[in-house]
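Report on the structure given below.
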Amino acid sequence: MIHAFLATAQPVVETSTSAGQAAAFWVLAPLAVISAVLVVVSRKSVHSAIWMALTMIIVAIFFLMEGAYFLGIVQVVVYTGAVMMLFLFVLMLVGVDASDSLVETLRGQRVTAIVLGLGLGGLLVGAIGQVTFSGALGTSAAETAAGGHLEAIAQAIFTKYVYSFEVTSALLVTAAVAAMVLAHRERLVPRKSQREQSVERFKDGTHPTPFPSPGVYARHNAVDTPALLPDGSTSDASVPQSLRRRGAVHPRGVAALDPGPEASDEGEER
Amino acid sequence: MNPVNYLYVAALLFTVGAVGVLVRRNAIVVFMCVELMFNASNLAFVTFAHLNGNIDGQVVAFFVMVVAAAEVVVGLAIIVAIFRTRRSASVDDPNLLKY
């Protein structure tokens, strides 16, 4: 099929590009492939996203080198701009540290995937290598006929491909509605009012008043420093619960005030 | 340099993307690999336009970009919806339909 497709290129205009373009290609092409591989092998998904952005920018430069100026700019604006931002946004939403587990659920899946990938790559490269290629015509002839690069693309979109273009608009509207529907969440229980919350607090009788603020000392006034109670012990309630769970509470505030071992010990125990 | 080299790069990028889809578990990274395959196919389209002196390849690449944008929006919304209920972005975890 590729044979037939390439055979339509009739007259030879150029079989090789300028030296500058060749130099740019031989610098950028290995970079693109390496960063694509790094997208796959990076353990952290944020690193994958960064390498993905680099690959996309290099592909945009390739577009520009091939005379597809409109697509090159659209690639940068839409892909590296909007799509990668969306990816990073969802990455932050889902949790940056949600890295892959190394456990294989299917035995030998990784090896099989790599073997299949090598097969696919060999097939594609072999198919392209088989083609006798007559040279690049360049799109300049079509562009001068239409009166410019953008004009040529616009003419093609709004005449020959106008139905595809209209269907595309329907697709985009559907996608926007789908995203809204998927992101929407029904509230299962009604929201509690302030009065109901207050009544609830007094009913269990645990702690109706606000919690004490963290300790403020000469050297430490951070939220991880517990407040000192009148009897010399520290108050756990003054430190945020998440810090307590992580074990990041500093008994230093007590130590700074009173370097005796009993006080700091007591602070750690609580 | 022969302009057909762009096709080789496109083929390699597509292969790397396909392997990534098969190997990775994190749904977001799988999605990025799908985007990589889209990019590779776009590069091939633009190269064919360049080779054949025909603007149609660029128009098709433009449509691919639009479809990819729509796909990213819906796909990431699905990932966020699954993450909300299952607290996981791994493609191994949603297996309720299995039983």
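Listed values, structure above:
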quantity	calculated
Residue list for segment A:102-144, filter: among the polar types (S, T, N, Q), under 21 Å from B:Asn52 (Cα atoms) and part of a loop (DSSP other than H, G, I, E, B)	A:Thr132, A:Ser134, A:Thr139
Enumeration of residues in segment B:51-99 that are closer than 25 Å to A:Leu106 by Cα, β-branched (Val, Ile, Thr) and not in a helix (DSSP H, G or I)	B:Val91
Any hit, segment A:161-184, residues being modelled with pLDDT of 80 or more, under 31 Å from the mean Cα position of the chain (by Cα) and in a loop (DSSP other than H, G, I, E, B)	yes
Candidates A:Val39, A:Val59 - the one that is touching a Gly at 6+ places or on another chain (Cβ under 8 Å) and buried (at least 17 other Cβ atoms within 10 Å of the Cβ)	A:Val39
Residue among B:Ala69, B:Ala49 that alone is facing another protein chain (nearest Cβ under 7 Å), buried (at least 24 other Cβ atoms within 10 Å of the Cβ), of a type in the set (A, V, I, L, M) and under 25 Å from A:Leu171 (Cβ atoms)	B:Ala49
Test for A:Ser169: is it more than 8 Å from chain B (Cβ to nearest Cβ) and either farther than 30 Å from B:Ile79 by Cβ or of a type in the set (Phe, Trp, Tyr) (or both)	no
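The values are calculated or read from the model by the stated rules, or taken from the named source; none is laboratory data. What you see is a predicted model; the values in this text were computed from it and never measured. Every residue, glycine as well, gets a Cβ built from its backbone with ideal geometry; the counts of neighbours run over all protein chains shown.
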